[in-house]
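Contents: one structure, followed by commentary.
The values are calculated or read from the model by the stated rules, or taken from the named source; none is laboratory data. Everything quoted here is computed from the prediction, not taken from an experiment. FYI the Cβ positions are ideal-geometry reconstructions off the backbone, even for glycines, and counts take in every protein chain you see. Surface accessibility is based on the protein's heavy atoms, side chains included, excluding ligands, DNA and RNA. Shrake-Rupley method; radii C 1.70, N 1.55, O 1.52, S 1.80 Å.
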Amino acid sequence: MGNRSYLYLKNQNRELPIFEANNSLPFFWIAILDKKIMSDRIQQWKAYEHYAESHTEEETELYLQKHSNNLSLNQSTFTGNAERSREFLRENFPDTLPLYADFVKFIHSKFKTDDHLEIDITQFSAFYDSLDAFYMDLTSEIDAIDNNQAAKIKFLLPNDLIAGGTGFQAILGNEFSALPTYTNAVQNRGISQQPFNRKSLIVAVMILLICPLFSYWAYLIYTKEGFGTWVIIIGFLNLLFYIYSISTIILEIKAYRKGQK
(Lines give C-alpha, C1' and ligand atoms only; values in the text may rest on other atoms or scores of the structure.)
Protein backbone atom coordinates (compact mmCIF):
# COMPACT_ATOMS: atom_id res chain seq x y z
CA MET A 1 0.00 0.00 0.00
CA GLY A 2 2.76 2.45 0.90
CA ASN A 3 2.54 5.74 2.79
CA ARG A 4 -0.07 7.87 1.11
CA SER A 5 -0.56 11.62 0.99
CA TYR A 6 -3.80 13.38 0.10
CA LEU A 7 -4.80 16.80 -1.17
CA TYR A 8 -8.50 17.65 -0.97
CA LEU A 9 -11.04 20.42 -0.48
CA LYS A 10 -13.14 20.48 2.67
CA ASN A 11 -15.92 22.45 4.29
CA GLN A 12 -18.60 21.56 6.82
CA ASN A 13 -20.68 19.77 4.21
CA ARG A 14 -18.20 17.94 2.02
CA GLU A 15 -14.76 16.50 1.41
CA LEU A 16 -13.60 16.45 -2.20
CA PRO A 17 -10.41 14.43 -2.92
CA ILE A 18 -8.41 16.05 -5.72
CA PHE A 19 -4.92 14.52 -5.75
CA GLU A 20 -3.11 11.74 -3.94
CA ALA A 21 0.43 10.37 -3.86
CA ASN A 22 2.04 7.13 -2.77
CA ASN A 23 5.44 7.16 -1.02
CA SER A 24 6.11 10.69 -2.23
CA LEU A 25 5.26 14.29 -1.43
CA PRO A 26 4.68 16.14 -4.73
CA PHE A 27 6.55 19.42 -5.05
CA PHE A 28 3.54 21.35 -6.35
CA TRP A 29 1.82 20.65 -3.02
CA ILE A 30 4.73 22.16 -1.11
CA ALA A 31 4.76 25.09 -3.56
CA ILE A 32 1.33 26.24 -2.34
CA LEU A 33 2.42 26.28 1.34
CA ASP A 34 4.26 28.94 3.31
CA LYS A 35 6.23 29.08 6.55
CA LYS A 36 3.32 30.47 8.57
CA ILE A 37 1.21 27.43 7.72
CA MET A 38 4.08 25.20 8.79
CA SER A 39 4.81 27.02 12.06
CA ASP A 40 1.11 27.01 12.98
CA ARG A 41 0.99 23.23 12.52
CA ILE A 42 4.25 21.97 14.07
CA GLN A 43 2.95 22.15 17.66
CA GLN A 44 -0.08 20.07 16.74
CA TRP A 45 2.22 17.52 15.09
CA LYS A 46 4.32 17.26 18.23
CA ALA A 47 1.22 16.85 20.40
CA TYR A 48 0.05 14.03 18.14
CA GLU A 49 3.48 12.36 18.26
CA HIS A 50 3.49 12.50 22.06
CA TYR A 51 -0.06 11.10 22.24
CA ALA A 52 0.69 8.24 19.82
CA GLU A 53 3.63 7.05 21.93
CA SER A 54 1.36 6.05 24.81
CA HIS A 55 -1.91 5.10 23.11
CA THR A 56 -3.22 2.33 20.87
CA GLU A 57 -3.68 2.66 17.14
CA GLU A 58 -7.46 2.90 17.54
CA GLU A 59 -7.11 5.65 20.15
CA THR A 60 -4.68 7.49 17.91
CA GLU A 61 -7.14 7.37 15.00
CA LEU A 62 -9.85 8.83 17.22
CA TYR A 63 -7.44 11.55 18.29
CA LEU A 64 -6.80 12.49 14.66
CA GLN A 65 -10.52 12.78 14.02
CA LYS A 66 -10.70 15.47 16.71
CA HIS A 67 -7.29 17.09 16.18
CA SER A 68 -6.38 17.21 12.51
CA ASN A 69 -2.73 17.04 11.49
CA ASN A 70 -3.54 18.38 8.05
CA LEU A 71 -1.99 21.48 6.53
CA SER A 72 -4.87 23.83 5.74
CA LEU A 73 -5.15 26.97 3.61
CA ASN A 74 -7.99 29.08 2.29
CA GLN A 75 -8.41 30.08 -1.32
CA SER A 76 -6.77 33.46 -0.88
CA THR A 77 -3.64 31.96 0.67
CA PHE A 78 -3.59 29.25 -2.00
CA THR A 79 -3.73 31.89 -4.75
CA GLY A 80 -0.93 33.98 -3.27
CA ASN A 81 1.42 31.08 -2.62
CA ALA A 82 0.70 29.54 -6.01
CA GLU A 83 1.63 32.79 -7.76
CA ARG A 84 4.85 33.12 -5.73
CA SER A 85 5.91 29.62 -6.76
CA ARG A 86 4.89 30.23 -10.37
CA GLU A 87 7.56 32.91 -10.60
CA PHE A 88 10.12 30.57 -9.05
CA LEU A 89 9.33 27.81 -11.55
CA ARG A 90 9.28 30.24 -14.48
CA GLU A 91 12.83 31.30 -13.68
CA ASN A 92 14.32 27.96 -12.67
CA PHE A 93 12.20 25.10 -14.06
CA PRO A 94 10.28 26.53 -17.02
CA ASP A 95 9.45 23.10 -18.45
CA THR A 96 7.22 22.44 -15.44
CA LEU A 97 5.11 25.59 -15.89
CA PRO A 98 2.38 24.25 -18.21
CA LEU A 99 1.62 21.34 -15.86
CA TYR A 100 1.83 23.58 -12.80
CA ALA A 101 -0.55 26.10 -14.38
CA ASP A 102 -3.08 23.35 -15.08
CA PHE A 103 -2.64 22.03 -11.52
CA VAL A 104 -3.43 25.44 -10.00
CA LYS A 105 -6.28 26.15 -12.41
CA PHE A 106 -7.88 22.76 -11.72
CA ILE A 107 -7.85 23.30 -7.95
CA HIS A 108 -9.31 26.80 -8.36
CA SER A 109 -12.14 25.36 -10.44
CA LYS A 110 -13.14 23.04 -7.58
CA PHE A 111 -13.24 25.63 -4.79
CA LYS A 112 -16.63 26.41 -3.26
CA THR A 113 -17.69 28.89 -0.60
CA ASP A 114 -16.05 28.20 2.77
CA ASP A 115 -13.74 25.55 1.30
CA HIS A 116 -10.26 25.03 2.70
CA LEU A 117 -7.56 23.14 0.87
CA GLU A 118 -6.29 20.33 3.08
CA ILE A 119 -3.03 18.39 2.70
CA ASP A 120 -2.78 15.17 4.69
CA ILE A 121 0.85 14.06 4.94
CA THR A 122 0.66 12.15 8.22
CA GLN A 123 1.61 8.82 6.61
CA PHE A 124 4.45 10.35 4.60
CA SER A 125 6.02 11.80 7.76
CA ALA A 126 6.70 8.20 8.88
CA PHE A 127 9.65 8.15 6.47
CA TYR A 128 11.49 10.53 8.83
CA ASP A 129 13.19 9.69 12.10
CA SER A 130 11.50 12.61 13.83
CA LEU A 131 8.89 15.29 13.24
CA ASP A 132 11.58 17.93 13.64
CA ALA A 133 13.51 16.44 10.72
CA PHE A 134 10.34 16.33 8.62
CA TYR A 135 9.45 19.91 9.54
CA MET A 136 12.96 21.14 8.70
CA ASP A 137 12.89 19.42 5.31
CA LEU A 138 9.59 21.09 4.38
CA THR A 139 10.54 24.54 5.64
CA SER A 140 13.90 24.28 3.84
CA GLU A 141 12.01 23.60 0.61
CA ILE A 142 9.79 26.63 1.18
CA ASP A 143 12.86 28.74 2.01
CA ALA A 144 14.45 27.66 -1.26
CA ILE A 145 11.38 28.87 -3.14
CA ASP A 146 11.20 32.15 -1.22
CA ASN A 147 14.92 32.86 -1.75
CA ASN A 148 15.07 31.60 -5.34
CA GLN A 149 17.62 28.89 -4.53
CA ALA A 150 16.87 26.22 -7.11
CA ALA A 151 19.91 24.12 -6.19
CA LYS A 152 18.42 23.44 -2.75
CA ILE A 153 15.14 21.99 -4.06
CA LYS A 154 14.73 18.31 -3.12
CA PHE A 155 11.13 17.34 -3.79
CA LEU A 156 10.76 18.40 -7.43
CA LEU A 157 11.56 15.48 -9.74
CA PRO A 158 11.95 16.73 -13.33
CA ASN A 159 11.96 13.12 -14.57
CA ASP A 160 8.72 12.33 -12.72
CA LEU A 161 6.32 15.25 -12.53
CA ILE A 162 3.62 12.97 -11.16
CA ALA A 163 5.33 11.72 -7.98
CA GLY A 164 7.39 14.93 -7.78
CA GLY A 165 4.85 17.40 -9.19
CA THR A 166 1.08 16.98 -9.13
CA GLY A 167 0.42 13.57 -7.64
CA PHE A 168 -2.31 11.42 -9.18
CA GLN A 169 -5.82 12.70 -9.77
CA ALA A 170 -7.99 11.32 -6.99
CA ILE A 171 -11.53 12.36 -7.88
CA LEU A 172 -13.79 10.37 -10.16
CA GLY A 173 -13.68 11.16 -13.86
CA ASN A 174 -10.78 12.32 -15.97
CA GLU A 175 -11.01 16.11 -16.00
CA PHE A 176 -7.39 16.57 -15.03
CA SER A 177 -5.88 13.25 -16.10
CA ALA A 178 -7.10 13.85 -19.67
CA LEU A 179 -5.19 17.11 -20.00
CA PRO A 180 -2.23 16.93 -22.41
CA THR A 181 0.20 18.24 -19.78
CA TYR A 182 -0.77 15.47 -17.36
CA THR A 183 -0.79 12.64 -19.91
CA ASN A 184 2.61 13.80 -21.17
CA ALA A 185 3.97 13.78 -17.60
CA VAL A 186 2.65 10.24 -17.10
CA GLN A 187 4.23 9.04 -20.35
CA ASN A 188 7.60 10.63 -19.52
CA ARG A 189 7.88 9.29 -15.97
CA GLY A 190 11.44 8.06 -15.37
CA ILE A 191 12.80 9.26 -18.72
CA SER A 192 16.01 11.11 -17.98
CA GLN A 193 16.79 14.43 -19.61
CA GLN A 194 20.26 14.45 -21.15
CA PRO A 195 22.40 17.46 -20.18
CA PHE A 196 24.50 19.21 -22.82
CA ASN A 197 27.86 17.47 -23.38
CA ARG A 198 30.38 19.54 -25.35
CA LYS A 199 32.80 16.62 -25.76
CA SER A 200 30.06 14.42 -27.19
CA LEU A 201 29.12 17.15 -29.67
CA ILE A 202 32.73 17.60 -30.85
CA VAL A 203 33.20 13.85 -31.35
CA ALA A 204 29.94 13.61 -33.30
CA VAL A 205 30.96 16.52 -35.58
CA MET A 206 34.36 14.91 -36.24
CA ILE A 207 32.73 11.60 -37.14
CA LEU A 208 30.32 13.36 -39.48
CA LEU A 209 33.24 15.12 -41.23
CA ILE A 210 35.06 11.81 -41.69
CA CYS A 211 32.03 9.97 -43.08
CA PRO A 212 32.36 11.38 -46.64
CA LEU A 213 35.90 9.92 -46.82
CA PHE A 214 34.52 6.43 -46.13
CA SER A 215 31.80 7.04 -48.69
CA TYR A 216 34.45 7.91 -51.25
CA TRP A 217 36.51 4.85 -50.25
CA ALA A 218 33.50 2.60 -50.79
CA TYR A 219 32.91 4.26 -54.16
CA LEU A 220 36.52 3.60 -55.28
CA ILE A 221 36.26 -0.07 -54.34
CA TYR A 222 32.96 -0.29 -56.20
CA THR A 223 34.43 1.18 -59.40
CA LYS A 224 37.33 -1.32 -59.29
CA GLU A 225 35.73 -4.51 -57.95
CA GLY A 226 32.03 -3.98 -58.38
CA PHE A 227 29.35 -4.46 -55.73
CA GLY A 228 31.18 -6.84 -53.42
CA THR A 229 31.48 -7.71 -49.74
CA TRP A 230 33.78 -4.84 -48.83
CA VAL A 231 31.51 -2.29 -50.44
CA ILE A 232 28.57 -3.63 -48.39
CA ILE A 233 30.54 -3.66 -45.11
CA ILE A 234 32.05 -0.19 -45.53
CA GLY A 235 28.79 1.26 -46.81
CA PHE A 236 26.78 -0.23 -43.92
CA LEU A 237 29.23 0.95 -41.25
CA ASN A 238 29.39 4.37 -42.82
CA LEU A 239 25.60 4.60 -42.76
CA LEU A 240 25.62 3.78 -39.03
CA PHE A 241 28.22 6.50 -38.42
CA TYR A 242 26.08 9.00 -40.31
CA ILE A 243 23.00 8.11 -38.24
CA TYR A 244 24.92 8.20 -34.95
CA SER A 245 26.69 11.50 -35.61
CA ILE A 246 23.65 13.36 -36.94
CA SER A 247 21.31 12.14 -34.18
CA THR A 248 23.91 12.98 -31.50
CA ILE A 249 24.42 16.48 -32.90
CA ILE A 250 20.66 17.08 -32.90
CA LEU A 251 20.30 15.83 -29.31
CA GLU A 252 23.21 17.94 -28.06
CA ILE A 253 21.88 21.07 -29.77
CA LYS A 254 18.50 20.51 -28.12
CA ALA A 255 20.18 19.91 -24.74
CA TYR A 256 22.22 23.11 -25.17
CA ARG A 257 19.18 25.21 -26.05
CA LYS A 258 17.26 23.73 -23.13
CA GLY A 259 20.09 24.57 -20.77
CA GLN A 260 20.08 28.19 -21.91
CA LYS A 261 16.43 28.73 -20.93
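Can you figure out the FRET efficiency of Leu131 with Arg14, using R₀ = 25 Å and their beta-carbon distance, to the nearest 0.05?
That pair, Leu131 with Arg14, gives E of 0.25.
Determine, for each peptide in 141-148, 235-242, 98-105, the mean count of other beta carbons within 10 angstrom over its residues, then list the peptides with the highest first.
For the peptides 141-148, 235-242, 98-105, the packing ranking is 98-105, 141-148, 235-242.
For an R0 of 22 angstrom, estimate the FRET efficiency from the Cβ-Cβ distance between Trp230 and Ile210 and round to the nearest 0.05.
So the FRET efficiency works out to roughly 0.75.
Given the pairs Lys105/Lys254; Lys10/Lys66; Lys36/Lys105; Lys36/Lys66, which are separated by over 18 angstrom at their Cα positions?
Numbers: Lys105/Lys254 30 Å; Lys10/Lys66 15 Å; Lys36/Lys105 23 Å; Lys36/Lys66 22 Å.
Distance filter (> 18 Å) returns Lys105/Lys254; Lys36/Lys105; Lys36/Lys66.
What are the aspartates and glutamates whose alpha-carbon lies under 20 Å from the alpha-carbon of Lys110, with same-chain residues fewer than 8 places away excluded?
Correct list for Lys110: Glu15, Glu20, Glu83, Asp102, Glu118, Asp120, Glu175.
For the chain, what is the accessible area per residue in Å² when the probe is 1.4 Å?
59
So if R0 is 51 Å, what FRET efficiency would Thr113 and Ile249 give, r being the distance between their Cβ atoms, rounded to the nearest 0.05?
Working: r = 57 Å, r/R0 = 1.12.
It comes to 0.35.
If each of Glu49 and Gln149 carries a label point 7 Å out from its Cα toward its Cβ, how far apart are those two points in nm?
Result for the modelled spin labels: 2.2 nm.
Normalized C-alpha radius of gyration of the chain, against 2.2 N^0.38 Å?
1.45
Cα centroid distance between the stretch 121-155 and the stretch 91-117, in Å?
Spelled out, the Cα-based centre of one part sits 20 Å from the other.
What does the helix-only formula give at 222 nm for the chain: each DSSP H stretch with n ≥ 4 adding -39500 (n - 2.57), the total divided by the residues, and the result rounded to the nearest 500 deg cm²/dmol?
Calculated from helices alone, the mean residue ellipticity at 222 nm is -19000 deg cm²/dmol.
Can you run phi through the Karplus equation (6.51, -1.76, 1.60; θ = phi - 60°) for the stretch 22-30 and list ³J(HN,Hα) in whole Hz, with x for Gly and Pro?
10, 6, 8, 10, x, 4, 4, 5, 5
Tell me the carbon and sulfur percent of the accessible area for the chain, rounded to whole percent, probe radius 1.4 Å.
57
Relative to the longest principal axis of the C-alpha atoms of the chain, give the angle of the C-alpha long axis of helix 35-53, reported between 0 and 90° and rounded to the nearest 10°.
The angle comes out near 70 degrees.
Measure nothing but the geometry: give the 0 to 90° angle between the long axis through the Cα atoms of 131-146 and the longest principal axis through the Cα atoms of the chain, rounded to 10°.
Once rounded, the angle reads 60 degrees.
Within the stretch 117-141, find all residues whose amide N lies under 18 Å from a label point positioned 7 Å from the Cα of Lys35 along Cα-to-beta-carbon.
Backbone N within reach: 132-141.
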